[in-house]
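Working notes, structure below.
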Amino acid sequence: MIVTRFAPSPTGRLHVGNLRTALHNWLLARKGDDEGQGKFLLRIDDTDAERSREEYVTAIREDLAWLGLSPDAEFRQSQRLDLYENAFAKLKDAGRVYPAYETVQELELKRKIALGRGLPPIYDRGALSMSEEERAAKEAEGIAPHWRFKLDHDELIAWEDGVRGPQKFDPAQLSDPVIRRADGSWLYMLPSVIDDMDMRVTDVLRGEDHVSNTAVQVQMFTALHAAGVGPDHCAVIDSFPRFGHTALLVGKEGKLSKRLGSLSCEALREQGIEPEAILSLLARLGTSQPVEPIADRAALIEGFDLESFGRAPAKFDEAELERLNAAIVHQMDYAQVRDRLPEGIDEAGWHAIRPNLSHVGEAAELWRLVTGPIEQPAFSDEDRAFLAEAAQVLTWGDNPWGALTSTLKERTGRKGKPLFLPLRQALTGMDHGPDMGELLPLIGEDEARARLERAAR
Ligand code: GLU
């Protein structure tokens, strides 16, 4: 059984980078439905009380629902603090966490000294060699410790990454990570591992900015197991979940980070981008599979394959998203859009205007070609005579446009642009637009004749 999770911190709106991670995890879980029920979990990482906001929790739920990526269950870290406390106590007994008293300034100084000597800025484990008396002295001064996880330098870190292949880290080259602040609050690292064990997460897919976190988290899984924390399910998947780290999204001109505000799910929705366009793009970006407008989720699920992911940064291009959006809109059925269309557009109307829309929201504007009023350009004398003739010969049958143009062609000898353009301009006020064969019946006989006569005046 596949269990994945999406674990956003509710400190802002979801943007395309987050959505991509959510989608990957959703796709993997849904693909896992083949072998029994897959599960896609939403875990709200809200241990940072200061930066977490309830409004963002709500927004995360709404954004996922809008995209159709609803989770099978939701958890909040702020409601699971007892679990972390218990695990922490066990790690403490096992000697895998230790208190540290350095101030931020002291740590910064240590870093600078190391760098100045040309050494990597790895934490020197100063706190680990403190005596009981030294600790007591710190506490007597009123200094509460923060806590670090003690990496096992003898246990080489390795995992087979679903995207990056075999990964190896020497723990001696890493700093023992701070896992808990002096005020008792948790940093992301350890609670995430405790939750992944507790929720029986089988696969962790996230961005490659987490690779170094994974290195220390791999040891946390082992340490927690050894300390007797959590269920033993990880044993079946080699003591920790499968990890996959996808290459980051970049903009056309480099980093996306500065523009993420305008690339929030909310902003894209307000721009009239369809969920299917976003999903089509984000599912395939950075893979060897072509980006195509795929409205059918089953096809996206079917095609999802970590093997097809590349290591190079994935380029996010808004123009590509717009193109996909138009293609998706052109595929949409009337039933899918009915509720979002202005009064009066029926199925035939939708089919007539659909190919000319980039966004569903433009339907009202285009529909004005049918309902009027329209603004006609000034016509030459010759065109006015031609349009007067058009008004006269207009008849109404199955295919009024076909009939009108063939009659006029015969009577006036006009063909191509001189035949079609003045008619289109007189009937719609535009040079381009929906197929006239579909549009004219919607305009109706009386209105069409009135427009032709008005243009001929
Ligand atoms: N809250 C973390 C983040 O948003 C979760 C990372 C993870 O997937 O473990 O970066």
> If the chain between Glu74 and Arg384 were fully stretched, how many nm would it gain, using 0.36 nm times the residue separation less the Cα-Cα distance?
Replying inline: 104.9 nm
>> Please compute the modelled spin-label separation between Ser185 and Arg125, points set 7 Å along Cα→Cβ, answer in nm with one decimal.
In response: 3.0 nm
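As an exercise, use a Förster radius of 22 Å and the Cβ-Cβ distance of Thr103 and Leu81 to find the FRET efficiency, rounded to the nearest 0.05. Write out the running numbers ahead of the final one.
Values: r = 26 Å, r/R0 = 1.17.
Calculated transfer efficiency: 0.30.
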>> Run the paramagnetic zone check for Asp435: 7 angstrom along Cα to Cβ, then residues of the stretch 345-381 with backbone nitrogen under 16 Å.
In response: 347-357
>> If you count only protein heavy atoms and use a 1.4 Å probe, how large is the accessible surface of Asp93, to the nearest 10 Å²?
In response: 140 Å²
> How large, in percent, is the carbon and sulfur part of the accessible surface of the chain at a probe radius of 1.4 Å?
Replying inline: 49 percent
> Given H placed on each backbone N at 1.01 Å, which residues far from Arg180 in sequence or on other chains put an amide H within less than 5 Å of it?
Replying inline: Trp147, Leu187
> Hey, got the dipole for the chain? About the Cα centre, +1 on K and R Cβ, -1 on D and E Cβ, debye to the nearest 20?
Replying inline: 1000 debye
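Which loop-located GluC sites (Glu not before Pro) does the stretch 235-322 contain, where loop means any DSSP state but H, G, I, E or B and the Cβ has at most 12 other Cβ atoms within 10 Å? Spell out each step's value before the answer.
Values: sites: Glu253, Glu266, Glu270, Glu276, Glu302, Glu307, Glu318, Glu320, Glu322; in loops: Glu253.
Sites meeting the loop and neighbour criteria: Glu253.
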> Using the beta-carbon distance between Ile143 and Ser262 and R0 = 41 Å, what value does 1/(1 + (r/R0)^6) give for FRET efficiency, to the nearest 0.05?
Replying inline: 0.40
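Helix-derived [θ] at 222 nm for the chain: sum -39500 (n - 2.57) over DSSP H runs of at least 4, divide by residue count, nearest 500?
Values: 19 runs with 207 residues, N = 457.
Counting only the DSSP helices, I get -13500 deg cm²/dmol.
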> So which of Lys110/Lys255; Lys39/Lys252; Lys110/Lys150 end up more than 26 Å apart by C-alpha?
Replying inline: Lys110/Lys255; Lys39/Lys252
> Counting other Cβ atoms within 10 Å, which GluC sites (Glu not before Pro) in the stretch 13-82 have at most 10 and lie in a DSSP loop?
Replying inline: Glu50
>> Give me the 1.4 Å probe accessible area per residue for the stretch 286-442, excluding ligands and nucleic acids, in Å².
In response: 53 Å²
> Roughly how much of Leu156 is accessible, in Å² to the nearest 10, using a 1.4 Å probe?
Replying inline: 110 Å²
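Once the other residues with Cβ under 14 Å from the Cβ of Gln173 are scored (Lys, Arg +1; Asp, Glu -1), what is the net sum?
Working: positive: Arg125, Lys168; negative: Asp124, Asp152, Asp154, Glu155, Asp170, Asp176.
So the environment of Gln173 carries a net charge of -4.
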> Given the chain, what percent of its DSSP beta bridges are antiparallel, to the nearest 5?
Replying inline: 50 percent
> Counting other Cβ atoms within 10 Å, which trypsin sites (Lys or Arg not before Pro) in the stretch 236-265 have at most 14 and lie in a DSSP loop?
Replying inline: Lys252, Lys255
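Which length gain, in nm to one decimal place, applies between Leu421 and Glu322 when the Cα-Cα distance is subtracted from 0.36 nm times their residue separation? Let's see the in-between values first.
Numbers: separation 99, 0.36 × 99 = 35.64 nm, distance 2.85 nm.
Difference between extended and current length: 32.8 nm.
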> By the gyration tensor of its Cα atoms, with a ≥ b ≥ c the square roots of the eigenvalues, what is the shape of the stretch 353-403: rounded for a/c under 1.5, prolate for a/b over b/c, or oblate?
Replying inline: oblate
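Taking 0.36 nm per residue of sequence separation and subtracting the Cα-Cα distance, how much length would be gained by fully extending the chain between Lys255 and Ala312, in nm to one decimal?
On the way: separation 57, 0.36 × 57 = 20.52 nm, distance 1.36 nm.
My answer for the length gained is 19.2 nm.
The values are calculated or read from the model by the stated rules, or taken from the named source; none is laboratory data. For clarity, every value in this text was computed on a predicted model and none was experimentally measured. Here Cβ is always computed from backbone atoms with ideal geometry, including for glycine, and neighbour counts include all displayed protein chains. For the accessible areas, the whole protein counts, side chains as well, though only heavy atoms, and no ligand, DNA or RNA atoms are used. Shrake-Rupley method; radii C 1.70, N 1.55, O 1.52, S 1.80 Å.
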